[in-house]
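Notes follow once the structure below has been shown.
The values are calculated or read from the model by the stated rules, or taken from the named source; none is laboratory data. Values in this document were obtained by computation on a predicted structure and should not be read as measured data. Cβ placement follows ideal geometry from the backbone for every residue including glycine, while neighbour counts extend to all protein chains displayed. Side chains included, ligands, DNA and RNA excluded: accessible areas come from the protein's heavy atoms. Shrake-Rupley method; radii C 1.70, N 1.55, O 1.52, S 1.80 Å.
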Amino acid sequence: MQTKRVVFSNRGLPYALLAPQLAITFVFFLWPAGQAIWQSFLREDAFGLKTSFVGVENYLRLLREPDYLNSLSVTGVFAVSTTVLSMGLALLLAAAADRMIRSRDAYTTLLVWPYAVAPAVAGVLWWFMFNPTIGIMSYLLEQLGYDWNHRLSGTDAMIMVVIVAAWKQISYNFLFFLAGLQSIPHSLSEAAAIDGAGPVKRFFTVVLPLLSPTTFFLMVVNIVYAMFDTFGIIHATTEGGPSQATNILVYKVFEDGFIGLNLGSSAAQSVILMVIVIGLTVIQFRFVERRVAY
Amino acid sequence: MAAIDLAGVKKTYPGNVTAIHPLDLNIADGELLVLVGPSGCGKSTLLRMIAGLETVTEGEVMIGGGPVNKREPAERDIAMVFQNYALYPHMSVRGNLEYGLKNRGTPRAEIDARVEEAARILEIGPFLERKPRQLSGGQRQRVAMGRAIVRHPKAFLFDEPLSNLDAKLRGQMRVEIKRLQRSLNTTSVYVTHDQLEAMTLADRVVVMNAGRIEQIGKPTEVYERPASLFVAGFVGSPPMNLFGTDELKTEAGGSLPESIGANTGTIGIRPDAVTLSANGNPAIAVTGTIELIEPVGGESHVYLRLPKTDRVMILVVRGHEGVSLAADLTVHLPVGALHQFDAGTGRRID
């Protein structure tokens, strides 16, 4: 891409134009991130009377703590399942909507609605549907012979939060997939049809490879979403339970910090979380993006 | 290789929009047929119906004698070259060429041989491992052609394949397409809106307008004996001069030759048929003022403003002899070179 050099007549103007954005980044990201890093080296006594510097002790303790290691793997399972489920369904829906000509806009509007639902509300919505006593889903599952209880079964709880988190993200993925599908020239599909590829083969050999930039972008966004933005969903449904089964990292940060009041450990956890997400994003953009460009 | 026959083929879109009125067309084995017409005349729709990319509302499309209406594009054994080339951007040139063969389960050795052959014919050997985005427009065009010829299909369908190229390259590729088609001797249908392309390429030209065939014939026939007012105006550059009978009568001084019939509504004459002297042949003489001279090399296009009807007549003169801007000029329209069209139907009158 060609970058255009803009020359400002006033030297101060570009800085003034950047200032609001920089101020927001500073106040809402750099400052709290810095505070978290500083706090992660501190320990406070139970009554908040004395704070002492403990170096990396908070980090070392975390790595020895079974609950934290459990939370790491729970987060991995949760993020991957949510991403795969929401992207898979979104792609399916987008491919279906793309085939429609007149009804496409109507479907698009309807499918985008879940995105407007607040995470906590989405959580409560599904919580009611899966409620072991009064929920319609648990009732249906019971008819099929499955005794659903996300209050007792860790697997059930995980399945539920994955469904909620994925359901909310489908809209977003759907919009991007639909836009991606529409930007693929129709003649490519026609050429492939003439070249003897059936609809399924066309989808996998022509459409999907051409969607790979979109897919890649969504993968990054979805993993970050699952790791960070799902706090409200967990909080409104399982609160990390039962028995730590859905206690993802971001929820544990909250629990240890604001309920357990172990601020030092909580700060250390949020720093680790930040490093993980930054690392993931860098790795994905550095190594995976090269393979998807065509 | 096969003949293509269309019998009573019609296309109607939802909302009762008729894109193609029922028409018959027989394309002989090995023939290069060009469909030409203004945009929206249905030529591309017709091509896409042959390809199987559009359904046929009524009538029968036959390739190699058998009806193919119900067959998928893949099963019709045709190859198509698209206006935007439609190369698969994520595959190398080789991948693009192989794709159709692989889908049909062609053995590996056969695929390699055919790709080699196509690469040799089209001189794209050096680019086989490149991606389409690394190629120039002309090279992409060749790859698109290569993708068609590796398949050894029954017919080639070209959908305005040259319209994305610059003028010089278009001229070159036109020659190459014609040579390729001659040497492979594969039945071809070629769609274009460029009448020059149609004239130079075609064995036979089909001029279409508003979903109907106006005329089918050899390029020279279509040029020399246009069957309708539409064809007369569409084919030829600069376009034919068309005058109402009354207009020409006024300009000619009140009378027209006997050969102009009573039904004639429009009289046409090619710009290159207009002469500066009568040379003793019966001709209509008109006088006008030279408004514009366009030198195009060996000849010039002269725009003559006729004073009585305020119409412009275009004529072609060699070099730029004897014409100068704003001068009055008397020109002669040889009676033998006039085209007459019916006042009511617009059809040709002989």
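Partner shielding of A:199-209 amounts to 2, given as the average count of beta-carbon atoms from other chains within 10 Å of each residue beta-carbon.
Each residue, B:T287 and A:E65, gets one label point 7 Å from its Cα in the Cβ direction; the gap between the two is 10.9 nm.
For A:E239 and B:K102, what is the calculated FRET efficiency with R₀ set at 60 Å and r taken between the beta-carbons, to the nearest 0.05? Mind dumping the intermediate values first?
Working: r = 54 Å, r/R0 = 0.90.
It comes out at approximately 0.65.
So how many Å³ per residue does the convex hull of the Cα atoms of the range A:96-138 work out to? Before the final figure, lay out each step's value.
Working: hull volume 3.5 nm³, N = 43.
Hull volume over Cα atoms, normalised by residue count, gives 82 Å³.
Provide the three semi-axes, in whole Å and in decreasing order, of the ellipsoid equivalent to chain A as defined by the square roots of 5 times the Cα gyration tensor eigenvalues. Show your work: numbers first, answer last.
Values: eigenvalues 288, 194, 60 Å².
That gives 38, 31, 17 Å for the three semi-axes.
Taking all protein chains into account, the per residue accessible area for the protein assembly as shown stands at 50 Å² (1.4 Å probe). When chains A and B come together, the accessible area they lose, probed at 1.4 Å and totalled over both chains, is close to 1700 Å².
Counting only other chain Cβ atoms within 10 Å of each residue's Cβ, the peptide B:71-80 averages 3. Given axes a ≥ b ≥ c from the Cα gyration tensor, I'd like to know whether the range B:1-85 is rounded (a/c under 1.5), prolate (a/b larger than b/c) or oblate. Here the range B:1-85 falls in the rounded category. Here the Karplus curve 6.51 cos²θ - 1.76 cosθ + 1.60, taken at θ = phi - 60°, turns the phi angles of the range A:93-98 into couplings of 5, 5, 4, 5, 5, 5 Hz, with x standing for Gly and Pro. Note that the range B:4-227, at 37 °C in a medium of 0.692 mPa s, gets a Stokes-Einstein diffusion coefficient of 183 µm²/s from its Kirkwood radius over C-alpha pairs. All Cα-Cα distances of the range B:188-241, cut into 10 Å bins from zero to the largest, leave 26, 63, 11, 0 percent in each bin in turn.
What is the protein assembly as shown by shape, rounded, prolate or oblate, if you read a ≥ b ≥ c off the alpha carbon gyration tensor as root eigenvalues and call it rounded for a/c under 1.5, prolate for a/b larger than b/c, and oblate otherwise? List each step's numbers first, then the result.
Numbers: a/c = 2.94, a/b = 2.35, b/c = 1.25.
Prolate is the answer for the protein assembly as shown, as a/c is 1.5 or above and a/b outweighs b/c.
Is the shape of the range A:1-127 best called rounded, prolate or oblate, per the rule: a/c under 1.5 gives rounded, else a/b larger than b/c gives prolate, else oblate, with a ≥ b ≥ c the square roots of the Cα gyration tensor eigenvalues? Oblate, since a/c reaches 1.5 and b/c is not below a/b. For A:V7 and A:M137, the difference between the fully extended length at 0.36 nm per residue and the C-alpha to C-alpha distance is 40.6 nm.
Would you please name the trypsin sites (Lys or Arg not before Pro) within the range A:125-202 that are DSSP coil residues with at most 15 other C-beta atoms within 10 Å of their C-beta? The partial results should precede the final answer.
Numbers: sites: A:R151, A:K168, A:K201, A:R202; in loops: A:R151.
Passing sites in the range A:125-202 are A:R151.
Simple spin-label estimate for A:S73 and B:V17 gives 6.1 nm between the two label positions (7 Å along the Cα-to-Cβ direction from each Cα).
Looking at the range B:246-308, the trypsin sites (Lys or Arg not before Pro) that sit in a DSSP loop and have at most 14 other Cβ atoms within 10 Å of their own Cβ are B:K308. Report in % the part of the accessible area of the protein assembly as shown that belongs to carbon and sulfur, leaving out ligands and nucleic acids; probe 1.4 Å. The computed percentage sits at 59.
Taking a threshold of 26 Å on the Cα-Cα distance, which of the pairs A:K201/B:K70; B:K131/B:K168; B:K102/B:K168; B:K70/B:K102; B:K102/B:K131; B:K43/B:K102 fall above it?
B:K102/B:K168; B:K43/B:K102
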